[in-house]
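Asker: Please see the structure below; I have some questions.
The values are calculated or read from the model by the stated rules, or taken from the named source; none is laboratory data. Predicted model only: the values in this text are computed from it and were never measured. FYI the Cβ positions are ideal-geometry reconstructions off the backbone, even for glycines, and counts take in every protein chain you see. These accessible areas exclude ligands, DNA and RNA; they are computed on the full protein's heavy atoms, side chains included. Shrake-Rupley method; radii C 1.70, N 1.55, O 1.52, S 1.80 Å.
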Amino acid sequence: MAGYDVINRLELFLSRIMPDFELSIENTLTIKNFTSDYIGDITNQIDIIADRLKRYCFTLTQQARKKEPETDFKGNPVSPTQRLENNINELIELKEQIDRFWAVYIDGDIRK
């Protein structure tokens, strides 16, 4: 059974893609509240990635100085760019989430 939070978000989405769809009276979710929460979550994720990139800079310098590759939890050598690649992939995913969100909730054009 879907909770009110899911129903409220679904109604908000439907109101954005179908102009004649009206939110129910019980729905207290607004575009402003939803935007603030959604973008807040994404900015927190970006901040976490930024911290990981800072640590990566230190780790990369240490690897180059020691001339030893980093190892995974099994002890296997890991490419020196693997962490960077993981962060890039996460940023690409966040970019896509922001683009989709912006198209629906800010621009109002779901075709983007």
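Asker: Arg16 versus (1) out of contact with any helix residue (DSSP H, G or I) (no Cβ under 8 Å at 6 or more places or on another chain); (2) open to solvent by 40 Å² or more (accessible area, probe 1.4 Å); (3) within 13 Å of Tyr105 (Cβ to Cβ): which is the lone unmet condition?
Answerer: Evaluating Arg16 over (1) out of contact with any helix residue (DSSP H, G or I) (no Cβ under 8 Å at 6 or more places or on another chain); (2) open to solvent by 40 Å² or more (accessible area, probe 1.4 Å); (3) within 13 Å of Tyr105 (Cβ to Cβ) leaves (1) as the failure.
Asker: In addition: Does segment 19-39 contain any residue that is open to solvent by 80 Å² or more (accessible area, probe 1.4 Å) and outside any loop (DSSP other than H, G, I, E, B)?
Answerer: Checked segment 19-39: at least one residue is open to solvent by 80 Å² or more (accessible area, probe 1.4 Å) and outside any loop (DSSP other than H, G, I, E, B).
Asker: To continue, here is another question. With the requirement that a residue be without any contact (Cβ under 8 Å) to a residue 12 or more places away in the chain and either over 19 Å from Phe101 (Cβ atoms) or in a helix (DSSP H, G or I) (or both), what does segment 6-18 give you?
Answerer: Val6, Leu10, Leu14, Ser15
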